[in-house]
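Data first, discussion second: the structure below is written as structure tokens.
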There are 2 protein chains.
Amino acid sequence: MDFYLDAPLPNLPKTSQKKIIIIGAGFAGLKLARKLNGTAYQVILLDKNNYHQFQPLFYQVATSGLEPSAISFPLRKIFHQSKNVHFRMAEAKKIDQNINRLYTDVGYLDYDYLVLALGAETNYFGSKNIEAFSTPMKSVSEALFIRNKIISNYETAINIAEEEKRKPIMNVVIVGGGPTGVELAGAMAELRNNVLPKDYPELSFKNMRVVLIEAGGSLLSSMSTAAKNKSLEYLQNLGVDVLLNTQVEDYDGLTVKLKGGESIQTKTLLWAAGIKPASIKGIGNEQKLANGRLLVNTFNVLKGSKDVFALGDLCLMEIDDPRGYPQVAQVALQQADNLAGNLKGVLKSQEWKPFRYRDLGSMATIGRKLAVVDLPFIQFQGIMAWLTWLFIHLMAILGVKNKLFIFFDWAWNYLSFDPSLRLLIRPKVVKQKENKA
Amino acid sequence: MDFYLDAPLPNLPKTSQKKIIIIGAGFAGLKLARKLNGTAYQVILLDKNNYHQFQPLFYQVATSGLEPSAISFPLRKIFHQSKNVHFRMAEAKKIDQNINRLYTDVGYLDYDYLVLALGAETNYFGSKNIEAFSTPMKSVSEALFIRNKIISNYETAINIAEEEKRKPIMNVVIVGGGPTGVELAGAMAELRNNVLPKDYPELSFKNMRVVLIEAGGSLLSSMSTAAKNKSLEYLQNLGVDVLLNTQVEDYDGLTVKLKGGESIQTKTLLWAAGIKPASIKGIGNEQKLANGRLLVNTFNVLKGSKDVFALGDLCLMEIDDPRGYPQVAQVALQQADNLAGNLKGVLKSQEWKPFRYRDLGSMATIGRKLAVVDLPFIQFQGIMAWLTWLFIHLMAILGVKNKLFIFFDWAWNYLSFDPSLRLLIRPKVVKQKENKA
């Protein structure tokens, strides 16, 4: 059973203000908290981590291009000046919708409004083996784990005499042809083509395959035909083996079995094939789909509730399209924006506005000077798309210092062709004892 | 028993060149390898990590001022262009001096010359309790561990209702009044004075004590009287409780017992009280002191050997002063320099030059604009000393990119009074299975 503390969370300022609890400081939760900063609500923002993670750049952490700190932003710092927003590092455990109470691992909180913005987790579609042996990339820690794994694989390979035994250690197989898989495959191929051969002159990088496996018939399935075709072409030019219409059946840590009988040898299977909503106890079965997504109306109100909301990847908004809106950052940000407006409106007794999604387009970068961009009015690929991608992502990063550091890092990597973060810094394994008194 | 592989280390270029193995890529080992780059020796550099660590700035990693990557430098990158220096991430296990063979965890190596530059480890002076419960800072991983520990302490403290129970979690006790302890205490006091209160407005930082404990009668015992006095004054002005002539008797993870009966409550005891030489099997008892330091002559040749050398903190050179030279970076660097010259001389049949230490002075920084500097011809303290300290350390850092990033980080922290690295990024705990096939 999950542990939760059955005592109120201490050290919160007493106030007569209505209390909004936001669980999760991803794109949706953080946006909402920032929008509610300075209002007449007491806002309590909870997250498992003490920082916001900028998911679109995880793949650059995994491939030694950026430091974790460049794309992680301390939440307390964001709310230094705030009088009404309070952050706590805590894990939400259970909701009691009858008495408006949220239980966490550090105490419970009573709410007037509760906003669920827990996001999504890696979906292994029920395969216990794949979950046990493959590596996901849904957090900056996991991205760092991938970086360490790749580097230690090569430090291991160089000490193995037989070439055949080195191959599975050198190969990298990525599953999932969405933006994450495509960007990871491109960056991994560039590491192989330009960086690793300089670090390991004794090894032959012809022996390193970068394989991208996608179950559907194209990459970037939600993008334009031009983007689909160009991304495939770019990856193939970088030397990525793209396997379309291909499903992974099983993986034992060494052999990837594909449906149809083929197999690939690798010690490194990166799993970016799907997501599932995060879960929390206390949600009724009638409030969610079988796959766990929480049903909300066009005001992001949880089905059958009045004061619980769900935002972003976690929710499915009941609209004409039964698939709802796509699980992307733009939807999360815009829903948070709309909910913030509505919650502020409550204080002025304004009428609630329904959510309307404005598709601003999507993009993916494949490598140095290569990207694909779909905007509502135009689609383009190549170096202009790459520059657009760089600019948009730089602007989306929180904080002046992080922007500057990332810009500097990108410029350096671009000019030197040599990302310098190939450090296998494993934080000390805590063999330290702790006094529990 | 330690594992070592009883097979030759594979994938090394075959050559008729004489083979020099260097164990350890700290100040001494790395300097020597760089000096031997491009010579007619085959040089194999071994280290447990794949990067060189810049020890003098560990305390800034521990106190959120710098990223680990800023003070760690990938060893393979340093030798990208090299034809004769080869790096391997490996642990040296045992020397067989009779057959000139070194055993490691990834295979054995036969050598013409073996250079031991393994450095020193934390010395707990036999106290099992202190070793189990306190936190050392002899690697960048350990420095990162301290940072994470401090941050998670505060995230814990804020969820505790009783003020008395919060105090031991907030207090930080540092043992050892050498440069490490002094610099750590100063930086920790500045965190308390300027940074943490903004992050945790709900907590009272009067409850946080920063205590520095030193067994001797002064801080920075090897420095000038002016430096000793000023560093004490600076620390006291920052609000550090400096306890001189005080010894720690025991620690159980909560209570630091001092000799004489007093005690201090803390969950965080940082141990910088002493070092001991790293050890490796295969060294005769007559070749070392009881404390483990390897005896070398003025050519850094290991006692009773012709082709094994020891450098830096690990060795004790037999000179008029029975204490030998101090265990500081300058001695390590200069010994490496001298040995490189002698080994190069061998190829030209030159005569061996004995080592002569040139004391270039020492320095320590205590806080923002505060440092103490002893140079051979002048001693000074305060802001000029601080600028000198900044300049010297920036110049000593390897690589243009690291220099620039550190400079930028320092300038940012100086201007903003707000180091931004308060991220509790715990790399994913590897619950992942591995296929051992």
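Annotations
- Label-point spacing at residue A:378 relative to the other copies reads 6.1 nm, in ascending order, each point sitting 7 Å out from Cα along Cα→Cβ.
- Helix axis angle, A:225-237 relative to chain A longest principal axis, alpha carbon, degrees: 40
- Hypothetical label at residue A:229: residues of segment A:371-407 whose amide nitrogen lies under 20 Å (7 Å Cα-Cβ projection): A:371-386
- Low-density loop cleavage sites - trypsin sites (Lys or Arg not before Pro) in segment B:1-96, where at most 16 other Cβ are within 10 Å (DSSP): B:14, B:48, B:83
- Residue-by-residue Karplus 3J(HN,Hα) for segment B:186-191, coefficients 6.51, -1.76, 1.60, Hz, glycine and proline x: x, 5, 5, 5, 5, 4
- Neighbourhood charge, 9 Å Cβ-Cβ cut-off, centred on residue B:127 and excluding it, Lys, Arg +1 and Asp, Glu -1: -2
- The mean sequence distance of close C-alpha pairs (under 8 Å, at least 6 residues apart), as a share of the length of segment B:128-273, puts its relative contact order at 34 percent.
- Residues whose placed amide H lies under 5 Å from that of residue A:90, excluding near-sequence neighbours: A:47, A:48
- Förster radius 56 Å - calculated FRET efficiency between residue A:221 and residue A:5 (Cβ-Cβ, nearest 0.05): 0.80
- Cα→Cβ-extended label distance, 7 Å offset, between residue B:202 and residue A:17, nm: 1.4
- For the residues of A:72-79, the average number of beta carbons from a partner chain within 10 Å of their own beta carbon is 5.
- Amide N of segment A:43-57 lying under 17 Å from the label point, which is placed 7 angstrom from the Cα of residue B:156 along Cα→Cβ: A:49-50
- Distant-in-sequence amide H partners of residue A:242 (H built 1.01 Å from N, under 5 Å): A:212
- Extension gain for residue A:378 to residue A:237 (0.36 nm times residue separation, less C-alpha to C-alpha distance): 48.3 nm.
- When the Gaussian network model of chain A links Cα atoms closer than 10 Å, the mean-square fluctuations of A:112, A:47, A:199 top out at A:199.
- In Hz, Karplus ³J(HN,Hα) per residue of segment B:11-28 (6.51, -1.76, 1.60; θ = phi - 60°; x = Gly, Pro): 6, 9, x, 6, 7, 8, 5, 5, 10, 10, 9, 10, 9, x, 10, x, 4, 5
- Global form of chain A, assessed from the alpha-carbon gyration tensor, a/c cut-off 1.5: prolate
- Whole-Hz Karplus values for segment B:249-254 come out as 9, 7, 8, 10, x, 9 Hz, taken residue by residue from phi with 6.51 cos²θ - 1.76 cosθ + 1.60 and θ = phi - 60°; glycine and proline positions read x.
- A Förster radius of 45 Å combined with the Cβ-Cβ distance from residue B:125 to residue B:369 puts the calculated FRET efficiency at roughly 0.80.
- Radius 13 Å from Cβ of residue A:396, net charge of other residues (Lys, Arg +1; Asp, Glu -1): +2
- When each of A:94/A:344; A:14/B:165; A:94/B:149 is checked by Cα-Cα distance, pairs over 24 Å: A:94/A:344; A:94/B:149
- Sorted from closest to farthest, the other copies place their residue B:396 label points 4.2 nm away, with each point set 7 Å from Cα along Cα→Cβ.
- Where labels lie 7 Å past Cα in the beta-carbon direction, separation of residue B:299 and residue B:80 in nm: 3.8
- Whole-number percent relative contact order across chain B, with pairs defined as alpha carbons under 8 Å at least 6 apart: 18
- One equal scatterer on each Cα of segment A:40-98, no solvent, Debye formula: the resulting log10 I(q)/I(0) at q = 0.23 Å⁻¹ is -0.95.
- Violating pairs (Cα-Cα greater than 30 angstrom) within the set A:19/B:267; B:138/B:369; B:93/B:303; A:303/A:348; A:35/B:206; B:267/B:288: A:19/B:267; A:35/B:206; B:267/B:288
- q = 0.09, 0.15, 0.17, 0.21 Å⁻¹: log10 I(q)/I(0) that the Debye formula gives for segment A:128-273, counting C-alpha atoms only: -0.26, -0.74, -0.96, -1.41
- Computed over segment A:311-386, the ratio Rg/Rh where both radii use C-alpha atoms and Rh is Kirkwood: 1.12
- Highest-fluctuation residue, A:119, A:261, A:253 considered, GNM on chain A with Cα pairs under 10 Å: A:261
- Where Rh is the Kirkwood radius over Cα pairs, Rg/Rh for segment B:283-437: 1.11
- Relative contact order computed over segment A:214-263 (Cα-Cα under 8 Å; 6+ residues apart), in percent: 33
- Cα gyration tensor shape of the protein assembly as shown, rounded if a/c is under 1.5, else prolate or oblate by comparing a/b with b/c: oblate
- Within segment A:1-56, the ratio Rg/Rh, alpha carbon atoms throughout and Rh by Kirkwood, equals 1.01.
- Close amide H partners of residue A:11, meaning residues 5 or more places away or on another chain with modelled amide H under 5 Å apart, do not exist here.
- For peptides B:406-418, B:125-137, A:212-224, sequence by mean Cβ density within 10 Å, most packed first: A:212-224, B:125-137, B:406-418
- For peptide A:152-163, the mean count of partner chain Cβ atoms within 10 Å of a residue's Cβ comes to 4.
- Global geometry of segment B:190-319, whether rounded, prolate or oblate, following the gyration tensor of its Cα atoms and the 1.5 cut on a/c: prolate
- Each other copy places its own label point for residue A:161 at 6.7 nm from this one, sorted shortest first, where the point lies 7 Å along the Cα-to-beta carbon line.
Quick note: the coordinates plus some simple rules give every number you see, no bench work behind them. None of the values given here were measured: they were computed from a predicted structure. Using ideal geometry, Cβ is built from the backbone for each residue, glycine included, and neighbour counts are taken over all protein chains shown.
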